[in-house]
Amino acid sequence: MSPYEAQAMYELQRWQHEMLRDPSMFNALARRAQVKLNSFIPEKVHRAITTAMKQMIRGVLFGAGYVSQKPLEQVPLEVREGQVRGQIKYYQQAAAAEGGVTGAGGILLGLVDFPLLLGLKLKLLYDVAALYGYDIKDYRERVYLLHVFELAFSSQEHRRNVYLYLADWESQKLLLPEDINAFDWRSLQQEYRDYIDLAKMAQMIPIIGAPIGAVVNYRLISRLGETAMNAYRLRWKEQGLLQH
């Protein structure tokens with residue numbers, strides 16, 4: 001094992017510990033605050049967000065509008081992850097710019113931000129998967145990346161369950177239905193919406209929405225990038241490509 005791989009394994013182990021920890025008191029308080037905040041948001045706003053997410057998520061399940069890179073082969077982990085970090089930085093900058101523009105427009109442009117940011121996140125996952133050597137033309141790989149998405153943007157309690165499922169992915173993927181329509185994405189979109197509402201609703205406030213939108217979007221991409229890197233390191237470890 002190279003020094004870089006040893007460091008990657010150490011980071012993976014720390015991440016695994018984080019995924020398995022029990023919900024804290026702060027998590028419980030944040031969850032209650034989320035429920036309270038949601039009660040103040042007009043139902044038509046919630047419906048618009050949910051509809052946009054449903055369309056985007058169904059789009060990625062069927063590969064609509066997405067062109068993935070060719071899987072990267074025969075390249076050391078250090079080189080792969082250098083390219084992954086480059087992609088994460090690119091999407092951080094794009095998401096921050098998009099969040100700043102839509103945040104400056106208040107609630108109407110704030111609604112536009114949700115599907116735009118979601119599209120950037122899904123495209124990042126496509127790129128990361130290819131850089132780790134996985135072919136997104138295989139629908140099972142698309143299902144995996146959607147679970148990675150779910151892992152990044154869920155409550156601690158739900159996150160732990162998703163992690164345990166992905167930790168046994170090589171077995172779990174053999175049990176997936178042949179019909180991709182059978183995928184249960186409802187909990188994914190609900191957890192995601194609840195996760196980001198607390199921060200993103202502030203983006204809809206005129207004047208202060210622009211800087212908030214830029215910072216929040218940047219951090220959301222950062223979280224997704226870190227989660228994706230460790231999720232694919234986990235795959236490599238499970239397949240014997242990253243040794244103890």
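The values are calculated or read from the model by the stated rules, or taken from the named source; none is laboratory data. This structure is a prediction, so every number in the text was calculated from the model and none was measured. Backbone-built Cβ (ideal geometry, glycine too); neighbour counts: all protein chains shown. For accessibility, only protein heavy atoms count, side chains too; no ligands or nucleic acids. Shrake-Rupley method; radii C 1.70, N 1.55, O 1.52, S 1.80 Å.
Being open to solvent by 10 Å² or more (accessible area, probe 1.4 Å) and either hydrophobic (A, V, I, L, M, F, W, C) or modelled with pLDDT of 85 or more (or both) is the filter here, so list the residues in the stretch 163-179 that pass it. Of everything in the stretch 163-179, those that are open to solvent by 10 Å² or more (accessible area, probe 1.4 Å) and either hydrophobic (A, V, I, L, M, F, W, C) or modelled with pLDDT of 85 or more (or both) turn out to be TYR163, LEU164, TYR165, ALA167, ASP168, GLU170, SER171, GLN172, LYS173, LEU174, LEU175, LEU176.
So, LEU20, is that one at pLDDT below 85 and either open to solvent by 40 Å² or more (accessible area, probe 1.4 Å) or more than 24 Å from LEU146 (Cβ to Cβ) (or both) or not? It is false that LEU20 is at pLDDT below 85 and either open to solvent by 40 Å² or more (accessible area, probe 1.4 Å) or more than 24 Å from LEU146 (Cβ to Cβ) (or both).
Applying the condition of being assigned to a helix (DSSP H, G or I) and without any contact (Cβ under 8 Å) to a residue 60 or more places away in the chain to the stretch 119-138 and asking which residue is nearest to the chain's Cα centre (by Cα) yields LYS123. Scanning the stretch 139-157 for residues that are open to solvent by less than 40 Å² (accessible area, probe 1.4 Å), over 20 Å from LEU242 (Cα atoms) and part of a helix (DSSP H, G or I) turns up ARG142, VAL143, LEU146, HIS147, PHE149, GLU150, LEU151, ALA152, GLN156. Considering the stretch 99-143, the residues that are among the aromatic types (Phe, Trp, Tyr) and closer than 18 Å to LYS70 by Cβ include one that is modelled with the lowest pLDDT, namely TYR139.
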